[in-house]
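The values are calculated or read from the model by the stated rules, or taken from the named source; none is laboratory data. Quick caveat: nothing in here was measured; it's all calculated off a predicted structure. Cβ atoms come from the backbone with ideal geometry, glycine included; neighbour counts cover every protein chain shown. To get the accessible areas, we keep the full protein, side chains included, count just its heavy atoms, and leave off ligands, DNA and RNA. Shrake-Rupley method; radii C 1.70, N 1.55, O 1.52, S 1.80 Å.
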Amino acid sequence: MYSSNLIGFILALVSSAFIGSSFIIKKKGLRRAGANGPSASVGGYGYLLEPLWWIGMITMVVGEVANFVAYIYAPAVLVTPLGALSIIVSAVLAHFLLNEKLQRMGMLGCLLCIVGSTIIVLHAPEELSVDSVEEIWELATQPAFLLYTASVVAVALVLILYCAPRYGQTNILVYVGICSTIGSLTVMSIKAIGIAIELTLEGSNQAVYFQTWIFAMVAVTCIITQLNYLNMALDTFNTTVVSPIYYAMFTAFTILASAIMFKDYSGQSASSIASELCGFITVLSGTAVLHSTRDPDPPLLTDLYTPLSPKVSWYIQGNGEVWKQKDEDGSSPSFITILRQDYFK
């Protein structure tokens with residue numbers, strides 16, 4: 001059992017490395033495309049002709065495939081929290097390749113993520129042995145998980161139909177809540193499909209069972225819904241705020257769903273459960289610290305009428321006799337205007 005956890009852990013690390021790298025590669029491709037034409041932020045599609053951007057997309061696909069396979073070998077309570085490692089990879093690569101400096105607090109955030117991930121791996125529960133999709137179906141139709149599923153669907157419908165039209169643009173928890181709750185069902189469906197594929201490759205065809213196709217339809221529906229509202233959240237709110245909140249809620253709901261469906265913590269001691277909870281909180285803290293130190297991207301030109309001159313700010317020095325006009329980026333002032341107090345009398 002622990003060997004399968006090790007395989008899942010290695011695949012999760014590979015997934016994080018590829019996904020974290022893909023962000024940097026795609027961003028370099030977008031910058032290169034933007035230098036030769038309209039950028040993506042203003043509706044340009046020149047990046048589709050940029051080979052570097054496609055390399056980034058291929059890298060992300062490889063990472064997602066590795067993440068998918070990791071769910072086959074290891075429980076979701078082990079794989080999902082390790083997704084935070086992709087943030088470390090992207091932060092470190094951005095420091096060297098994009099000149100986005102990683103501050104000391106950012107380094108502390110990376111260290112917290114590594115420590116927390118290590119604690120999670122050392123205390124991860126064993127993977128439940130499943131021999132057919134029918135067994136997974138029995139787990140999915142047990143009263144406890146049916147109650148969880150019904151609760152998730154009810155909460156998601158309330159958020160989508162009532163809260164989103166009224167509070168979606170002002171409350172970040174609306175869109176992120178939809179993504180996180182639905183996302184937990186996505187992971188459970190993906191895990192069921194992965195196990196079905198593994199059993200089929202071993203010679204036991206699982207495509208003949210209708211349960212396999214139900215899991216597939218649920219996965220597709222949940223993925224579309226999840227991605228739709230995640231994009232809405234990212235388009236409405238700051239990424240540095242969305243990412244840690246989404247990571248925390250998505251991971252928490254996924255761990256809860258996995259614990260109910262697969263009984264991940266059955267037979268584990270209270271100390272092991274407490275240790276894994278501490279590991280998750282440590283990773284969450286590291287993610288929040290790392291995102292809080294990231295500088296927002298500079299605003300891009302949105303039309304031809306956007307002023308090209310740098311923004312300026314006024315500063316009062318001493319007793320107010322001298323005012324200086326400086327660029328907001330900290331560059332030296334272009335001119336100094338001296339106003340005497342008696343001018344204002």
- Query: In the range 221-250, which residues are open to solvent by 60 Å² or more (accessible area, probe 1.4 Å) and either over 20 Å from MET261 (Cα atoms) or of a type in the set (Ser, Thr, Tyr) (or both)?
  - Reply: THR221, ILE224, LEU227, ASN228, ASN231, MET232, LEU234, ASP235, ASN238, THR239, VAL241
- helices (runs of 4 or more DSSP H) fully within the range 1-111 counting 1 or more residues that are within 24 Å of ASP235 (Cα to Cα) and within 18 Å of the chain's Cα centre (by Cα): 2-35, 51-73, 85-97
- List pairs: first in the range 1-14 and farther than 23 Å from CYS113 by Cβ, second open to solvent by less than 60 Å² (accessible area, probe 1.4 Å) and at pLDDT below 90, Cβ under 7 Å, 6+ apart or cross-chain? MET1/GLU127; SER4/ALA74; SER4/GLU127
- Hey, SER243 at pLDDT 75 or above, of a type in the set (Gly, Ala, Ser) and under 30 Å from GLN169 (Cα atoms) or not: no
- For the range 201-238, name all the residues that are under 18 Å from the mean Cα position of the chain (by Cα) and among the acidic types (Asp, Glu). ASP235
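Listed here are the residues, each with its yes/no results for (1) open to solvent by 30 Å² or more (accessible area, probe 1.4 Å); (2) not in a helix (DSSP H, G or I).
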residue	(1), (2)
ALA124	no, yes
LEU128	yes, yes
ILE136	no, no
PHE145	no, no
SER151	yes, no
VAL155	yes, no
VAL158	yes, no
TYR162	yes, no
PRO165	yes, no
- Message: I'd like to verify a number: residues in the range 263-283 that are under 23 Å from the mean Cα position of the chain (by Cα) and open to solvent by less than 70 Å² (accessible area, probe 1.4 Å), how many?
- Response: 5
- Residues (free of Cβ contacts under 8 Å to residues at least 60 places away in the same chain and open to solvent by 70 Å² or more (accessible area, probe 1.4 Å)) located in the range 15-29: PHE18
- Can you tell me which residues in the range 173-220 are of a type in the set (Ser, Thr, Tyr) and surrounded by fewer than 15 Cβ atoms within 10 Å (Cβ to Cβ)? SER204
